[in-house]
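One structure below.
Each reported figure results from applying straightforward, stated rules to the coordinates on display, with no laboratory input. Note that the coordinates shown come from a computational prediction; the quantities given were computed from them, not determined experimentally. Every residue, glycine among them, receives a Cβ derived from its backbone with ideal geometry; neighbour counts consider all protein chains shown.
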Amino acid sequence: MTFQKGKNPHHPKPGSRIKVAPICAKQAIQQIKQAFAKNPRNLCFFTVGLNTDYRASELLSIRVD
């Protein structure tokens, strides 16, 4: 497979829908937390997202003064 600059072959077509499944396995959650261990900001967003059911867009709109 060849890639063209600026083209993502996995990007959904305009107007299509993407189905997203929740992360249900505790082991998968622990692995993700371990991957974020070196980046406290992302670990915080992930943990808050798990505990509050916020969507990614809502999490990214949070501002700290």
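If the condition is being assigned to a helix (DSSP H, G or I) and hydroxyl-bearing (Ser, Thr, Tyr), then segment 50-65 contributes Thr52, Ser57. Looking at (1) outside any helix (DSSP H, G or I); (2) out of contact with any helix residue (DSSP H, G or I) (no Cβ under 7 Å at 6 or more places or on another chain), can you tell me which one Thr47 breaks? Looking at each condition in turn, Thr47 falls short on (1). Could you check segment 36-54 and list, in sequence order, the residues that are surrounded by 11 or more Cβ atoms within 10 Å (Cβ to Cβ) and under 18 Å from Ile23 (Cα atoms)? Answer for segment 36-54, where residues must be surrounded by 11 or more Cβ atoms within 10 Å (Cβ to Cβ) and under 18 Å from Ile23 (Cα atoms): Phe36, Asn42, Leu43, Cys44, Phe45, Phe46, Thr47, Val48, Gly49, Leu50, Tyr54.
With the structure loaded, tell me whether Asn42 is under 12 Å from the mean Cα position of the chain (by Cα) and of a type outside the set (A, V, I, L, M) or whether it fails that test. When the stated conditions are applied, Asn42 passes them.
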